[in-house]
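The values are calculated or read from the model by the stated rules, or taken from the named source; none is laboratory data. All values reported here derive from a predicted model rather than from experimental measurement. Don't worry about glycine lacking a Cβ; one is built from the backbone with ideal geometry, like all the others, and counts go over all protein chains shown. What goes into the accessible areas is simple: the full protein's heavy atoms, side chains included, and nothing from ligands, DNA or RNA. Shrake-Rupley method; radii C 1.70, N 1.55, O 1.52, S 1.80 Å.
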Amino acid sequence: MDRDTPFQNKAKFWIDESLDGIELLYADYLTQEFAPHTHDFYAIGVVQSGALSFKPKFPSDVVPSGNIMIIHPGEVHTGRCVGEDGCKYRMFYVHPTPLRELYQNISGKPEEALSFRNQNIEDNETAKLLHSLHVAIENPQAPAIEKESRLILALTHLLVRHATPRPFVTQETPNRKFVKMAKELIEDHYHDNVTLKEIALAVNISPFHLLRMFKEEIGLAPHAYLTQYRIRKAKHFLSKGTPIVQVALQTGFCDQSQFAKRFKQIVGTTPGHFRKTQQ
């Protein structure tokens, strides 16, 4: 388990390829604070002890021990323990597609996008199922059939009790068009020192308007999205065993120190620990 300083921040991050590449995090934090970021997945967590806050606009919305927290794909969030004793929690990062397919199997209706109106859920039974599932997946000796069964059971409980289907939003707005082009440019040049002025010139709007539109659509400023995308690519390279120094330079960071700091602010563990768990 990764340690920042003794008895302060511990974390374990891993991926289970046998369960559609589900990502998992066990966190035992005291001082860890996540930078604002988003995920492409549903982040589903259970607080084991202490309490935490993850909504930058509503820092007083605290998730207490025993509760379930839900973060939607694309939702900007942070993360910090509330109180002097820190907090422990277990997180699942579940791809939207299998979650929607499971909901379709439950409801018998065409596949829909899913949302959770309550993202701070008090449900002891479902929380226990999620906790037991996480522990089972962490155990390398657990049979695949047990992990699969526990996963379906826990997520079914969560979806039936707390999920709400909603239609897909497909309307293309002018702002969305510009932001989509800007995102593609950032992703194509993530390893370069690309500037806001260069991106704005490429999509044919002013830097002022690009910054405003990007934050409205994505919830992050372009530079924050660039950092997040770099970390996403870094996770891929680290999982292939690429040396950390090489990954830092490949993904556009100045040096290994800057890379390690940004990585932990978004992933919650160090590049070295992440790389080790993927081998």
Anchor Lys12: lysines whose Cα lies under 23 Å away (excluding residues fewer than 8 positions away in-chain): Lys55, Lys88, Lys128, Lys147, Lys233, Lys235, Lys240, Lys261, Lys264, Lys276
Among the Cys residues of the chain, which have no other cysteine Cβ under 4.7 angstrom away? Cys254
Report the Rg/Rh value for the range 103-207, based on alpha-carbon coordinates and the Kirkwood definition of Rh. 1.19
Using a 1.4 Å probe on heavy atoms of the protein chains only, the accessible area for Val245 in Å², nearest 10, reads 80
Pull out the extension gain between Lys233 and Ala142, defined as 0.36 nm times the separation in residues minus the alpha carbon to alpha carbon distance; nm, one decimal. 29.7 nm
So what's the range 31-143 giving for Cα Rg divided by 2.2 N^0.38 Å, two decimals? 1.12
Measure off 7 Å from each Cα along the Cα-to-Cβ vector at Ala260 and Gln104, then give the distance between these two points in nanometres to one decimal. 4.5
Taking the range 172-228 and dividing mean pair separation by its residue count, relative contact order in percent (alpha carbons under 8 Å, at least six apart): 36
For the pair Lys128 and Lys197, the simple spin-label estimate (label points 7 Å beyond Cα toward Cβ) gives in nm 6.2
Helix-derived mean residue ellipticity, 222 nm - over the chain, DSSP H n ≥ 4, -39500 (n - 2.57), to 500: -14000 deg cm²/dmol
For the chain, averaging the sequence separation of alpha carbon pairs under 8 Å that lie six or more residues apart and dividing by its residue count, the contact order in percent is 18
Report, by chain and number, residues whose modeled amide H sits under 5 Å from the one on Ala113, excluding near sequence neighbours (fewer than 5 apart, same chain). Arg166, Phe168
Enumerate the helices in the chain for which the Kyte-Doolittle hydropathy averages -0.5 or more and the C-alpha atoms extend at least 18 Å along the helix's axis, using complete DSSP H runs. 124-138, 144-162
Ignoring ligands, DNA and RNA, what percent of the 1.4 Å accessible area of the chain is carbon and sulfur? 52
Could you state the accessible area per residue of the chain in Å², with a 1.4 Å probe and every protein chain left in place? 52
Enumerate the residues in the range 240-279 having an amide nitrogen under 19 Å from the point lying 7 Å beyond the Cα of Thr31 toward its Cβ. 257-271
Pull up the cross-link candidates among the aspartates and glutamates for Lys177, meaning alpha carbon to alpha carbon under 15 Å and not fewer than 8 places away within one chain. Glu216, Glu217
